[in-house]
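The values are calculated or read from the model by the stated rules, or taken from the named source; none is laboratory data. Computed from a predicted model, the values in this text were never measured in an experiment. Ideal geometry is used to build each Cβ from the backbone, glycine not excepted, and the neighbour counts take in all protein chains shown. Heavy atoms of the whole protein, side chains included, go into the accessibility calculation; ligands, DNA and RNA do not. Shrake-Rupley method; radii C 1.70, N 1.55, O 1.52, S 1.80 Å.
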Amino acid sequence: MTFEPVIGLEVHVQAKTKTKLFCACATEFGEMQNSNICPICTGQPGALPVINRKAVELAIKAALATNCKINTKSIFARKNYFYPDLPKGYQISQFEKPFCEHGYVDIELSDGTAKKIGLTRIHMEEDAGKNVHQGADGILGSDYSLVDLNRACTPLLEIVSEPDMRSVEDARLFLDQLKLTMQYAGVSDADMEKGQLRVDVNVSLRKKGAQEYGVRAEIKNMNSFRNIERAIKYEIERQTEVLESGGEVAQETRNFDDATGTTTSLRSKEESHDYRYFPEPDLLPLEVSKEWIEQVKSEMPELPAARNKRYIEELGLSDYDAMVLVNNKIYSDFFEAAVSVCGEPKLTCNWVTSEIPGYLKDKNIELCDTKLTPNNLGKMISLIKKGTISGKIAKTVLTEMIEKGTDPEIVVKNSGMTQIANPDELEPVINAILAANPAQVEQYKKGEQKVLGFFVGQIMKETKGRANPGLVNQLLKEQLSS
Amino acid sequence: MTLNTKTAHELHARLQSGEIKATELVNSVFQTIDQKDNDIKAYLSLRREKAIAEAEAIDLNIQKGEKLSPLEGIPIAVKDNICIQGEVTTCASKFLENFKSSYNATVIDRLRKAGMIIIGKTNMDEFAMGSSTENSAYQVTRNPRDTATVPGGSSGGSAAAVAADEAIVALGSDTGGSIRQPASFCGVVGMKPTYGRVSRYGLVAFASSLDQIGPLTKDVRDTAELLNVICGKDKMDSTSVDLPIPDFTKALNQDIQGLKIGVPKELIGEGVDEEVKNSVLSALDQLKQQGAEWAEISLPSFDKALSTYYIIAPAEASANLARYDGVKYGYRSKQAPTLRDMYFNTRSEGFGMEVKRRILIGTYVLSAGYYDAYYLKAQKARTLILNDFQKAFESYDVIISPTAPTTAFKVGEKTSDPLQMYMSDFATIPVNMAGLPAISIPCNISRGLPVGLQIIGKPFDEETVLKVAYSYEQGTK
């Protein structure tokens, strides 16, 4: 009896607006507790919500980037429940008529198969605040909790996938691609560590070939893609065991435990909330005109697939290189900016995808922690291209640019590291080295080509690495063959 | 000494000319309050020092020769569910006993800008839920016309204050009749504007799709003036309407020749006190003499209006009152060892019976398995009521009915049977369901108690409503 896993994901992304969804408070992360608040987002008596148009614009972008059909009229609804981080005692969300529906995300499996993961719907809703538990690491064992409402009312987009995923790989690829798409579309930075992306996982099993879905378990509040993979894997194993031993899977909400990699039951179906949804009477139905959609469409940034294609077809990068760059928007944007300065995509790609990450990994820092600018990188690559410095010297220039942010032209000028590419300058050095090493010259003339490396090494040492290696090789060969 | 018995428009000219001082006016109001309010109990709190200071500032302006706006220097009472920054707003609930709002309601900003002097906050039914002001957690307001009777509700304090000359004008709020019915019981003018005319920002919400703030005054002209001040689109209220505000005082003429009046038989039949019915018929005769025509009409959906309201309003209220949880502001029970205990005990202790009753009803009708049968169905019924009105307005300019089925009842008379209490609003409720403008004006005294005439207009046609009201008022002076 083989079982087929069926996986659906509910992803919340925080839309990248300056102010909150229903009030003018700033959404700035990491501010002092309860400093970005007002009567509206703290649920004061008499306060009313007012929609943030920029948030709607980002929702349009999210819809366009995922091929959804936008409802020209969608309805806000109250989702009612009590919790200290929910100031009004209800969340303004969307229920029956969501913002958009029936979209999809394209993924490519490791074996090259292309797959479409459907999106049931995307809707807009406000975030809750944060409970900060005191006296313990989390809620269990804490003495009391403090409520910080800075996050309350920040705009979220809830993206619900169709249950189209059949494996851990499907789920991981879907999440990677969705996150990337939201970043490229300018909708969200989608950084899971900053809480800008949250995922609830739904897993069920059914007999292979069956039409109906099995009973699903929901796993809430995952905190990393890696843990999502582990949780899904565990759930598939757990449910397989249950079914194979003749039992039934319970429809319930489960909690993932990081330390053990297992899930445990949190809440059964009977204990689940009745949210008593009804249309929000304080807001008019959200109307999105065709004209507005067209305008946003015309302003859509380049999405991952299009950028990938452009890198391969226009910039001549390899499939692999293009993929590596595109999959990291920060590096990709950096790359583009540097290329606009030096015009050398392949060279720049090399620096951005291996040299620079190598340095960062070594020091365990991020690109944003350094003083390196795309402009400086581009200039440096131009210097290499012109022959002003060698690739080897460039590595030291890079270090200075990363650590101090100095203009490479200045670095090179100050250190006297310019490449010697003038034969007139090199010939005396070459002659001197050859004259000082007659035995090796004999060896070379007898046919030991390898000795050339020794001469090159000596010349590089003599010139403190500044000699253009290519020219040195060429001149040496000329000298030795004469 | 009798300054406080005048209307705002009578006082305006005398203030402008310097014949009377704003401080004199304010003091005469406070004197009356000191004399009467121990018995009437219209006010929950007073702004004595602030009001006098504001009056002094206005007197200085008058001396400098500045031109006064029409309601500048006029003392106004404000229902205690409208927020004033830095001052206590209780909604007549224990829950908000010491609650100070952090911001001004938009209407308060507008009153300030118009130079009005807020005397104090008036008593009401708790969270605006009631028809007699007996649901206040603090005190029972008495009807100044007969202190053994109720002033009506939920804006009973505001209506009583105006009727007792403890304010020149007042603001109330109306969700199912809470301005009009107390106006009727106390013999003053009370108006609910079209839904969306007046910003709800800063009005503590009861039922969001039904609530509106409106004036309570001694005559129709003062109502028109006060409407001019409070109406207008507000970006802080997404349900406020972006329509130009006419000068409502320009509608005050007696030109009702040929005006067509519809009188729904559902509102003048069974359940309506005979003398109330006759008062309305006499009023219609008066209007006929002034050139209008009237006919009986039928609005069949009206017999479902009360039950529809008592599904929709509590449903919205149950969500609007969920924020009173003891976490952020207001009352928190001392018995709160766990989160659940805090929620249960805080809300059980902080809310009165009627509020709890409505929260329970509201939660029930929205709950899984019942939403379709109750809430959804009620919204459909609401559309039928709207349609009935729309159809009637194709042939009629205004619709007239009694405001309430009886005159003011005795304190304690209806408190044992909530359904009996709910019936007091049967003529006013359909108006809120359809979002229409309506006024109640005094039309008779029956056994010593005032009878109110309700005039309902087309959406955003406050002007015709005011015209008919003014016409009747001037014709019966």
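Using the Cβ of B:G130 as centre and a radius below 14 Å, the other residues enclosed give a net charge of -4, where K and R count +1 and D and E count -1. Shielding of peptide B:324-332 by partners, expressed as the average count of other chain Cβ atoms within 10 Å per residue Cβ, is 4.
Fully extending the segment from A:W292 to A:S265 would add 5.2 nm, taking 0.36 nm per residue of separation and subtracting the current Cα-Cα distance. Computed over the stretch B:171-329, the Cα gyration tensor eigenvalues convert (square root of 5λ each) into semi-axes of 31, 22, 14 Å, ordered from largest to smallest.
Taking only the C-alpha atoms of the stretch A:192-305, Rg followed by Dmax gives 19.9, 58 Å.
Among the listed pairs B:K36/B:K467; B:K100/B:K235; A:K413/A:K464, which are separated by more than 26 Å between their Cα atoms?
Details: B:K36/B:K467 34 Å; B:K100/B:K235 23 Å; A:K413/A:K464 15 Å.
Where the Cα-Cα span goes over 26 Å, the pairs concerned are B:K36/B:K467.
Remark: the stretch A:437-449, residue by residue, has Karplus-estimated 3J(HN,Hα) of 10, x, 4, 5, 4, 4, 4, 5, 5, 7, x, 7, 4 Hz, where x stands for each Gly or Pro and the curve is 6.51 cos²θ - 1.76 cosθ + 1.60 at θ = phi - 60°.
Of the beta bridges DSSP finds with both residues in chain B, what % are antiparallel, to the nearest 5?
Numbers: 31 of 47 bridges.
Within chain B, antiparallel bridges account for around 65 percent of the total.
Solvent-accessible surface of the stretch B:338-477, averaged per residue with a 1.4 angstrom probe and all protein chains in place: 41 square angstrom. In terms of packing, defined here as the mean over residues of other Cβ atoms within 10 angstrom, the peptides A:144-154, A:463-473 line up highest first as A:144-154, A:463-473. Peptide B:316-323 has a mean shielding of 6, counted as Cβ atoms of other protein chains within 10 Å of each residue's Cβ. Between helix A:304-313 and chain A, what is the angle of the helix's C-alpha long axis to the longest principal axis, kept within 0 to 90° and rounded to the nearest 10? On a 0 to 90 degree scale, this one is about 20. For the pair A:Q251 and A:H273, label points projected 7 Å from Cα toward Cβ lie 1.8 nm apart.
The per residue volume of the convex hull around the alpha-carbon atoms of the stretch B:86-226 is 98 Å³.
With the cut-off at 1.5 for a/c, could you classify the stretch A:1-130 from its C-alpha gyration tensor as rounded, prolate or oblate?
Since a/c reaches 1.5 and a/b is larger than b/c, the shape of the stretch A:1-130 is classed as prolate.
Each Lys and Arg adds +1 at its Cβ and each Asp and Glu adds -1 at its Cβ; summed about the Cα centre, the stretch B:137-237 shows a dipole of about 200 debye. Within the accessible surface of the stretch B:206-346, defined with a 1.4 Å probe on protein heavy atoms only, the carbon and sulfur portion equals 49 percent.
Using the crude model of +1 on Lys and Arg Cβ and -1 on Asp and Glu Cβ, and no other charge, please compute the dipole size for chain A relative to its Cα centre, in debye to 20.
For chain A, the charge dipole is close to 880 debye.
Cβ screening of the protein assembly as shown for cysteine pairs under 4.7 Å finds these without a partner: A:C23, A:C25, A:C38, A:C342, A:C349, A:C368, B:C83, B:C91, B:C186, B:C231, B:C443.
Taking 16 Å as the straight-line reach from the Cα of B:K356, the lysines in range (excluding those fewer than 8 positions away in the same chain) are B:K94.
When the surface is traced with a 1.4 Å probe over the full set of protein chains, B:H12 keeps roughly 50 Å² accessible. By the Cα gyration tensor, the stretch B:1-149 has an equivalent ellipsoid whose semi-axes, rounded to whole angstrom, run 28, 19, 12 from largest to smallest.
Based on the Cβ-Cβ distance of A:K464 and A:A306, what FRET efficiency does E = 1/(1 + (r/R0)^6) give at R0 = 41 Å, to the nearest 0.05?
Values: r = 46 Å, r/R0 = 1.13.
Using R0 = 41 Å, I get an efficiency of 0.35.
Label reach from B:E66 (point 7 Å along Cα→C-beta): in the stretch B:23-47, no amide nitrogen lies under 12 Å. What FRET efficiency, computed as 1/(1 + (r/R0)^6) with R0 = 51 Å and r the Cβ-Cβ distance, is obtained for A:I365 and B:N38, rounded to the nearest 0.05? In this case the efficiency is close to 0.10. Inter-label distance, A:V215 to B:V88: 5.6 nm, where each label sits 7 Å from its Cα along the C-beta direction. The orientation-averaged projected area of the convex hull spanned by the Cα atoms of the stretch A:285-405 comes to 10.1 nm². If R0 is taken as 60 Å, the Cβ-Cβ distance between B:A53 and B:A373 corresponds to a FRET efficiency of 0.60. Taken over the Cα atoms of the stretch B:293-337, the convex hull encloses 141 Å³ per residue.
Give me the dipole magnitude in Debye, nearest 20, for the stretch B:231-292 about the Cα centre, with unit charges on the beta carbon: positive for Lys and Arg, negative for Asp and Glu. Intermediate values should be presented prior to the final figure.
Values: 7 positive and 11 negative charges, 63 e Å.
Roughly 300 debye, rounded to the nearest 20.
Any idea what log10 I(q)/I(0) is at q = 0.14, 0.22 Å⁻¹ for the stretch B:108-156, Debye with uniform C-alpha scatterers and no solvent? Log10 of I(q)/I(0), two decimals: -0.43, -0.74.
Report, for the stretch B:46-160, the % of DSSP beta bridges that are antiparallel, rounded to 5. Rounded to the nearest five, the antiparallel share is 35 percent.
Averaged over residues, the count of other Cβ atoms within 10 Å places the peptides A:300-310, B:51-61 in the sequence B:51-61, A:300-310, highest first.
Where in chain B are the helices, taken as whole DSSP H runs, whose Cα atoms extend 18 angstrom or more along the long axis and whose Kyte-Doolittle mean reaches at least -1.0?
Values: long enough: B:22-40 (26 Å, -0.44); B:48-63 (23 Å, -0.31); B:274-289 (23 Å, -0.55); B:305-320 (22 Å, 0.52); B:353-366 (20 Å, 0.58); B:377-395 (28 Å, -0.64); B:462-475 (19 Å, -0.60).
Flagged H segments are B:22-40, B:48-63, B:274-289, B:305-320, B:353-366, B:377-395, B:462-475.
With 10 Å² as the minimum drop in accessible area between chain alone and full protein complex (1.4 Å probe), the qualifying residues in the stretch A:68-93 are A:R78, A:N80, A:F82, A:Y83, A:P84, A:P87, A:K88, A:G89, A:Y90.
Shown for the protein assembly as shown is the translational diffusion coefficient from the Stokes-Einstein equation, using the Kirkwood radius over Cα pairs, a temperature of 37 °C and a viscosity of 0.692 mPa s: 99 µm²/s. Once the Cα atoms are used to define both axes, helix A:225-244 deviates from the longest principal axis of chain A by about 50 degrees. Applying both filters, DSSP loop and at most 14 other Cβ atoms within 10 Å, to the trypsin sites (Lys or Arg not before Pro) of the stretch A:220-277 gives A:K269. Cross-link partners of A:K461 among aspartates and glutamates, defined as those whose alpha carbon lies under 17 angstrom from its own and excluding same-chain residues fewer than eight positions apart: A:E425, A:E427.
Computed on chain A, with alpha-carbon pairs under 8 angstrom and 6+ residues apart, the relative contact order is 14 percent. Using a loss threshold of 40 Å², tell me which positions in the stretch A:20-55 are less accessible in the complex than in their chain alone. Probe radius 1.4 Å, ligands and nucleic acids ignored. With the partner chains in place, the stretch A:20-55 has these residues losing at least 40 Å²: A:P39, A:Q44, A:P45, A:G46, A:L48, A:V50. Just the protein heavy atoms count here, and of the accessible area of the stretch A:359-418 at 1.4 Å, carbon and sulfur take up 49 percent.
A Cα-only calculation for chain A places Rg and Dmax at 29.7, 97 Å.
Which pairs in the list B:K41/B:K328; B:K6/B:K67; B:K233/B:K304; A:K116/A:K297; B:K121/B:K328 are over 26 Å apart, alpha-carbon to alpha-carbon?
B:K41/B:K328; B:K233/B:K304
The residues of the stretch A:315-402 present an accessible area of 49 Å² per residue when probed at 1.4 Å with all protein chains retained. For the stretch A:261-339 versus the stretch B:279-331, the spacing of their alpha-carbon centroids is 48 Å. The Cα atoms of the stretch B:302-390 give a gyration tensor whose axes a ≥ b ≥ c have a/c of 1.5 or more with a/b greater than b/c, which makes the shape prolate.
Please give me the summed charge of the neighbours of A:P285: other residues whose Cβ is under 11 Å from its Cβ, Lys and Arg +1, Asp and Glu -1.
Details: positive: A:K73, A:K97; negative: A:E280, A:E287.
Charge balance in the 11 Å sphere: 0.
Only protein atoms count toward the accessible area here, which uses a 1.4 Å probe; on the stretch A:12-163, the carbon and sulfur part of that area reaches 51 percent.
Once both labels are positioned 7 Å from their Cα atoms along Cα-to-Cβ, the gap between B:E10 and A:S167 label points is 9.0 nm. For the pair B and A, the buried accessible area comes to roughly 2700 Å² in total, with a 1.4 Å probe and the value rounded to the nearest 100. Averaged over peptide B:199-212, the number of partner chain Cβ atoms lying within 10 Å of each residue's Cβ comes to 3.
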